[in-house]
Amino acid sequence: MDRTDVIVVGGGPAGYAAALATAAAGVATTLIAGPMPTGDNRTTALLAGSVKALETLGVWDRCKDKAAPLRVMRLVDDTHRLLRAPEVAFDCNELGLDAFGWNIANSDLMAAFRLQASSNQHLHVVEATATHVSTDDNIAIVTLNDGTPLAGRVLFAADGRKSMTREAAGIAMRAHPYPQVAVTLNLAHTRPHNDNSTEFHTPTGPFTLVPLPGDRSSLVCVVDQAQADLLMAMDDATLALELERRAQSILGRFTIEKGRAAWPLSSITAERFGARRVLLIGEAGHVFPPIGAQGLNLGLRDAAIAAELVVGAQSRGDDPGSDDITAAYDRQRRADVTLRTTAVDVLNRSLLSAWLPVHGLRGAGLYALKTFGPLRRMVMREGVAPRLSEPRLMRGEALSV
Ligand SMILES: Cc1cc2nc3c(=O)[nH]c(=O)nc-3n(C[C@H](O)[C@H](O)[C@H](O)COP(=O)(O)OP(=O)(O)OC[C@H]3O[C@@H](n4cnc5c(N)ncnc54)[C@H](O)[C@@H]3O)c2cc1C
């Protein structure tokens, strides 16, 4: 049977980042990539720490010319309710940064990951699907769809929200659907975005325009199922007018680009982030609505911390899949994941709630952010480089055994 040190199940962005992080440190790594995603027209707003990690892994150089900087992030209350929040703008100049982060099409980011992976001698990418996973005190075994078994000392479960690897490790999760769907598409506009991203808070969820290079932006429009069906069925010209109305014409007239998708929203949180030689990476461990660009940024921190622990164990000659490592990973990821999941859930529910005091509280919170500089700067710093969890890769330090 083929043996390796690290097996990564799942070739999404979190899986590729984790695989590259261990392989770049010289640890023998096999990535079981799974089916290639089709129809993902989304973009990802990568915050500065994530970009630093991608730079350190050699990925960013391969795609940075396709990304647009995010310099100002505006939150606009568009709920039309009795108690409304003031507009809040976060400006990267306040932190002395060039940008909070960069927005890039997932397809461009994934192409850069694949290219970088192909140039790493310690990383073996297998274009197959894992069909069975088992672990014991000494080893983890993954069986591929052609029946080939593969043995590894530690498994990174990066196989997404329906993770089979998480299940094989016996890790339970809490899950609930939201009554919301995110419609995503990209568009061109007649006015420049000036590197500003704008998140309108509507009674069905956020409507967010994020800059792309040129006079283009990506849109995430969170609505209920009925509205999503309507938007998805509109012809381009009607949809452009409808979205311009929702965007209050801040970017002028819209031209819709090819490709639309609708993503039902839900929340999933694993009860542990590591057990039985398995570490959960990305959406295998946590899923929440797309508010404030947190999901993959959190997943990249998972990848960086998992790699740091495994590379550390390898260099000490310890077992990288031991209970000590899975417990340390669980401890190190818990606060960061819980904080983000809770913050996004509370903000999302406060938009959906019909209860006046909830609107009042949200308004008061945003008013405090608008008027109290130290609080605003603390929130911005926490978003860009969380103090609870800043792995070495995100400080620009390469890992090595
Ligand atoms: C509308 C929307 C907008 C978003 N915007 C942002 C944003 O701006 N910023 C941000 O940080 N996050 C954002 N997110 C969240 C982000 O998209 C996710 O966190 C990220 O895509 C999750 O990556 P992943 O690698 O964990 O999972 P996935 O992308 O789901 O990858 C899982 C991979 O595992 C593979 N797989 C599954 N089963 C198997 C198997 N048995 N064997 C082998 N492989 C398998 C699949 O083929 C897939 O390639 C957004 C999400 C949504 C819905």
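Stretch residue 161-residue 316 to full length: gain in nm at 0.36 nm per residue minus the Cα-Cα span?
So the chain would gain 52.5 nm between residue 161 and residue 316.
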Per q in 0.18 1/Å, what log10 I(q)/I(0) does a Debye calculation on the alpha-carbon atoms of region 1-65 return? -0.78
Using only Cα atoms, tell me the angle between helix 295-316 and the longest principal axis of the chain; keep it within 0 to 90° and round to the nearest 10. 20
Looks like region 1-121, by Cα gyration tensor root eigenvalues a ≥ b ≥ c and the a/c under 1.5 rounded cutoff (else prolate when a/b is bigger than b/c, oblate otherwise), is prolate
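Multiplying the sequence separation of residue 271 and residue 38 by 0.36 nm and subtracting their Cα-Cα distance, what value in nm do you get?
Values: separation 233, 0.36 × 233 = 83.88 nm, distance 3.01 nm.
Residue separation times 0.36 nm, minus the Cα-Cα distance, leaves 80.9 nm.
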Contour minus Cα-Cα span, residue 323 to residue 194, at 0.36 nm per residue, comes to 41.5 nm
Degrees, to the nearest 10: 373-384 long Cα axis against longest axis of the chain: 40
List the lysines whose Cα lies under 30 Å from the Cα of residue 370, skipping any in the same chain that are fewer than 8 positions away. 52
On each of the three principal axes the extent of the alpha-carbon atoms of region 157-312, given in whole Å and largest first, is 54, 34, 25
Over all directions, region 106-152 yields a Cα convex hull whose mean projected area in nm² is 4.5
Taking 1 over the mean of 1/r across every pair of different Cα atoms in region 71-125, what Kirkwood radius in Å do you get? 15.2
Using the Cα atoms of region 31-74, I'd like the radius of gyration and the largest Cα-Cα distance, Dmax, both in angstrom. 13.1, 39
Rounding to the nearest 20 debye, state how big the charge dipole of the chain is about its Cα centre with +1 on each Lys and Arg Cβ and -1 on each Asp and Glu Cβ. 860
Relative contact order %, the chain, counting alpha carbon pairs below 8 Å whose residues are six or more apart: 24
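Taking all protein chains in place and a 1.4 Å probe, what share, in percent, of the accessible surface of the chain do carbon and sulfur account for?
The C+S portion of the solvent-accessible surface of the chain is 54 percent.
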Under Stokes-Einstein, with the Kirkwood radius over Cα pairs standing in for Rh, what whole-number D in µm²/s applies to the chain at 25 °C and 0.890 mPa s? 113
Return the FRET efficiency for the residue pair residue 370, residue 136: r is the Cβ-Cβ distance, R0 is 51 Å, and the value is rounded to the nearest 0.05. 0.40
Computed on Cα atoms, Rg of region 247-401 relative to 2.2 N^0.38 Å comes out at 1.29
Plugging the Kirkwood radius over Cα pairs into Stokes-Einstein for region 242-336, at a temperature of 10 °C and a viscosity of 1.306 mPa s, what D comes out in µm²/s? 99
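Based on the alpha-carbon gyration tensor of region 133-225 and its eigenvalue square roots a ≥ b ≥ c, which shape applies: rounded if a/c is under 1.5, prolate if not and a/b is larger than b/c, or oblate?
Prolate, because a/c is 1.5 or more and a/b exceeds b/c.
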Given the C-alpha centroids of region 188-253 and region 111-134, what is the distance between them in whole angstrom? 35
What is the angle, in °, between the Cα long axis of helix 356-371 and the longest principal axis of the Cα atoms in the chain? Nearest 10 is fine, range 0 to 90. 80
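The values are calculated or read from the model by the stated rules, or taken from the named source; none is laboratory data. What you see is a predicted model, and the numbers here were worked out from it, not measured in a lab. Cβ: placed from backbone, ideal geometry, glycine included. Neighbour counts: every protein chain shown. Just the protein is used for accessible areas: all its heavy atoms, side chains included, with ligands, DNA and RNA removed. Shrake-Rupley method; radii C 1.70, N 1.55, O 1.52, S 1.80 Å.
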